[in-house]
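The values are calculated or read from the model by the stated rules, or taken from the named source; none is laboratory data. Every value quoted in this text rests on a predicted model; they were computed, and no experiment measured them. Cβ placement follows ideal geometry from the backbone for every residue including glycine, while neighbour counts extend to all protein chains displayed. The accessibility values were calculated without ligands, DNA or RNA, using every heavy atom of the protein model including side chains. Shrake-Rupley method; radii C 1.70, N 1.55, O 1.52, S 1.80 Å.
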Amino acid sequence: MDISELRAELGRKKVSIPKLAKAIGIGKKAMYQRFDGIVQFKQNEITAIKNYLELSEERVIAIFFN
C-alpha cells in the first residue's frame with residue numbers, strides 16, 4: 001500500500017481523513033489505524049474509496065496494491 005498516493009488523492013479532491021471515514025462508513029479512529037498501517041483496508045472499503053474518490057482501476061492498483 002502506498003499511503004502517500006492516497007493522501008495525494010485526498011488533497012486533490014479536498015477530502016479530509018475524517019470525511020472519508022464517514023463517507024465509507026467507518027469510524028475516524030478506524031480510518032487513522034488504516035492510514036498508520038496498523039490495520040489493513042478491507043476489500044469493501046477499497047471499493048467504497050474508489051467510488052467516493054472516483055478513482056480509476058489503475059489508481060486503485062497503484063495505491064492499494066503497490
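Beta carbons closer than 8 Å, at least 6 apart along the sequence or on distinct chains, pair a first residue in the range 26-54 that is within 17 Å of Lys13 (Cβ to Cβ) and at pLDDT 95 or above with a second that is among the small types (Gly, Ala, Ser) and part of a helix (DSSP H, G or I) for Met31/Ala21; Ala48/Ala23; Tyr52/Ala23.
Considering only the range 1-41, state which residues are aromatic (Phe, Trp, Tyr) and open to solvent by less than 50 Å² (accessible area, probe 1.4 Å). Selection gives Phe35, Phe41.
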